[in-house]
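Structure record follows, encoded as structure tokens.
The values are calculated or read from the model by the stated rules, or taken from the named source; none is laboratory data. A quick note: this is a predicted structure, and the numbers were derived from the prediction, not measured. Here the Cβ positions follow ideal geometry from the backbone for every residue, glycine too, while neighbour counts run over all protein chains shown. Ligands, DNA and RNA are stripped out before the accessible areas are found, and what is left, the full protein with its side chains, is counted by its heavy atoms. Shrake-Rupley method; radii C 1.70, N 1.55, O 1.52, S 1.80 Å.
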Amino acid sequence: MSRARTARRIAAGAAYGGGGLGLVGVAAVGLVLAEVQFAKRTVGTGLGDPPRADGLYGSEFSGPEQSPGPLRLGMLGDSTAAGLGVRRARQTPAALLASGLAEVAERPVELRNVALSGAMSDDLDRQAGMLLDGDAPAPDVCVIMIGANDVTRRMPPTQSVRCLTGAVRRLRLAGSEVVVGTCPDLGTIEPVYQPLRWVARRVSRQLAAAQTIGVVALGARTVSMGDLLGPEFAANPREMFGPDSYHPSAEGYATAAMAMLPTVCAALGLWPESDRLDVSRDEDMLPVAKAASAAAGQAGTEVTAARGPWALLKHRRRRRVPGEELPAAHAAGATGAAAPGDGPRTPPRAAERPASHPKAGDPDRTGR
């Protein structure tokens, strides 16, 4: 069965209350469970709690009282969204996204991260409630990174997608734009060996495609996490993964944030020509299921609704220019965050600013 057809079945089951379509065949369950236990013992834990990154970013963009207030960014999901594995708040993906968004929008960004290490999709409703309950207005944009724990803990994919779409629907009804980083390719984790590596890759990509189908129908956008975002991870796994060989390192989180930032900006109308297809980059308009399947196999790919059963398949991920440093520059201290003992500060000009942005390349706007 093709990935697109499997994803459609999972998404349909989630939408109409179908039962759990198994991610793997029954004959493979015993072997997979044995391999999972071995991988868990090899990976290990002991990373502690992720640093808190909540706070105001881009405060130098604060203008007179009559100017627009800060943009509100909400972060939801699991340990990857929380930034588990890095030591400084400014190295977390939420802080990197808030810093980059402030630079592109030239407005302060107020970040609230409610992601929880170990969370599965059934925790998203609680997390959404934390962002929406109370007198404060809903976030302008929410970013969700979820799915890995659903696979490793064998949550039925229909339940996983149903929980995700329920949270997305709630956020959308509250007026928030939503960007979902879909389930990463678990076949890239070093301690995972064959045949689990093949199974993990297959089921995580199936779930990612099904997540995309469900989310796009609600007017949200997805970005494929794929093999944790591209050739950098394949070429430099010991740099892109943290000490547990499972969670990203600071460089890995920076790479992920750079891939997601253009879509976050596009969702807010801040990215020039945001929904125009670039055929030179193999962008296309496809049926939603085919777009979802293609995105699941190519990290950094965005899927957003077009019209009817069609979706735009876009490759917004920025291409580095010759001689440019890897994203480690961001993680090494180029970005700032609000955290105890690491007070809120603002980064230099964001690397993700599009070339057509009025301020792009302005040498007087570096080193804030």
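Near GLU283, the amide H atoms lying under 5 Å from its own belong to ASP278; only residues 5 or more places off or on other chains count, and H is placed 1.01 Å from N. Taking a ≥ b ≥ c as the square roots of the Cα gyration tensor eigenvalues, the range 73-179 comes out oblate, since a/c reaches at least 1.5 and a/b does not exceed b/c. A Förster radius of 56 Å combined with the Cβ-Cβ distance from GLN298 to ASP135 puts the calculated FRET efficiency at roughly 0.85.
Counted by Cβ distance under 14 Å from ARG169, the other residues give a net charge of +1, where Lys and Arg count +1 and Asp and Glu count -1.
Taking every protein chain into account, the 1.4 Å probe leaves SER280 with about 90 Å² of accessible area, to the nearest ten. Average accessible surface for the range 65-139: 36 Å² per residue, computed with a 1.4 Å probe over protein heavy atoms with every protein chain in place.
From most to least packed by mean Cβ count within 10 Å, the peptides 117-127, 251-261 give 251-261, 117-127.
Residues whose amide H falls under 5 Å from that of ARG72, counting only those 5 or more places apart or on a different chain, are GLU110, ASP140, VAL141, with hydrogens built in the peptide plane. Between ARG276 and GLU60, the C-beta separation translates, for a Förster distance of 25 Å, into a calculated FRET efficiency of about 0.20. Annotation: amide H-H contacts under 5 Å for VAL178 (H modelled 1.01 Å from N, sequence separation of 5 or more, or interchain): CYS142, ARG221. When nucleic acids and ligands are ignored and a 1.4 Å probe is applied, ARG112 ends up with an accessible area of around 100 Å².
Taken one residue at a time, the phi angles of the range 123-128 give Karplus couplings (6.51, -1.76, 1.60, θ = phi - 60°) of 9, 5, 5, 5, 5, 4 Hz. Gly and Pro are set to x.
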